[in-house]
1. Near Asp92, within a Cβ-to-Cβ distance under 14 Å, what is the net charge of the other residues, with Lys and Arg +1 and Asp and Glu -1?
2. Using Cα pairs closer than 8 Å and at least 6 residues apart in sequence, work out the relative contact order for the range 65-111, in percent.
3. So which of Lys23/Lys117; Lys10/Lys127; Lys49/Lys95; Lys49/Lys127; Lys23/Lys49 end up more than 20 Å apart by C-alpha?
4. So what is the accessible area of the range 1-127 per residue, in Å², with the probe set to 1.4 Å?
5. Per residue, what volume in Å³ does the convex hull of the Cα atoms of the range 3-97 enclose?
6. How high is the relative contact order of the range 10-112, given as a whole-number percent (alpha carbon pairs under 8 Å, six or more residues apart)?
7. Multiplying the sequence separation of Asp91 and Cys44 by 0.36 nm and subtracting their Cα-Cα distance, what value in nm do you get?
8. Compute the signed sum of charges (Lys and Arg +1, Asp and Glu -1) over the other residues within less than 9 Å, Cβ to Cβ, of His30.
Amino acid sequence: MQQVDHFDYKLTEKDFELIETAKGVSRRLHKPHYHVVVSALRSCIPFDKIYTGIHIESSQPLCGEVSAVCSMINDGREMNSLETIVALAGDDEDKNHFRLFSPCGRCRELIGDCNRKARVIVGTIEKPYVMSISMLMPLKSGDVENEYWAKRAGDSKK
């Protein structure tokens, strides 16, 4: 059974700032069918900086979360600097209407690879809350595979 650490689901002022930053990027860059989802992340202290990314729709789509992580790394931060991330979609008709998005499977893997304790803002715009990435994917494929191979290695020593 996986142990769950105590986790505070309430948003901080910095979390609301992250959502507002993502909304601002969406208002500026949203294009129907091309740039719909925006992501913003905050890096850990001492840097405490916000990085943003935009979804790029193509034959090989690039998620906003991946784009934001790339922005952070391009600025010289380590992957494990990711502290909190949010993804939201703007509306094609109303630049002031947004929906929060839970990261897709590929983005959950990336966020977990960056920081297993990363915070992810999910829920709705009206009622957002925070979850740890490990709560969003309690059996990350690497963990299951590592347990399998560790067990096999232990069995082979007998």
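1. Details: positive: Arg27, Lys31, Lys95, Arg99; negative: Glu57, Asp91, Glu93, Asp94.
Spelling it out: positives minus negatives among the neighbours equals 0.
2. Working: 33 pairs, mean separation 15.7, N = 47.
Averaging sequence separation for qualifying contacts and normalising by length gives 33 percent for the range 65-111.
3. Values: Lys23/Lys117 24 Å; Lys10/Lys127 10 Å; Lys49/Lys95 25 Å; Lys49/Lys127 24 Å; Lys23/Lys49 17 Å.
From the list (Lys23/Lys117; Lys10/Lys127; Lys49/Lys95; Lys49/Lys127; Lys23/Lys49), the Cα-Cα distance tops 20 Å for Lys23/Lys117; Lys49/Lys95; Lys49/Lys127.
4. Details: 7340 Å² over 127 residues.
Dividing the accessible area of the range 1-127 by its residue count gives 58 Å².
5. Values: hull volume 12.2 nm³, N = 95.
It comes to 129 Å³ per residue, whole-number rounded.
6. Working: 188 pairs, mean separation 27.3, N = 103.
In percent, rounded to a whole number, it is 26.
7. Fully extending the segment from Asp91 to Cys44 adds 13.9 nm.
8. Details: positive: Arg27, Arg28, Lys31, Lys95; negative: Asp91, Asp92.
Here the charged neighbours net out to +2.
The values are calculated or read from the model by the stated rules, or taken from the named source; none is laboratory data. This structure is a prediction, so every number in the text was calculated from the model and none was measured. A quick note on method: Cβ atoms are made from the backbone with ideal geometry, for glycine too, and the neighbour counts reach across all protein chains shown. These area figures cover heavy atoms from the full protein model, side chains too; ligands, DNA and RNA do not enter into them. Shrake-Rupley method; radii C 1.70, N 1.55, O 1.52, S 1.80 Å.
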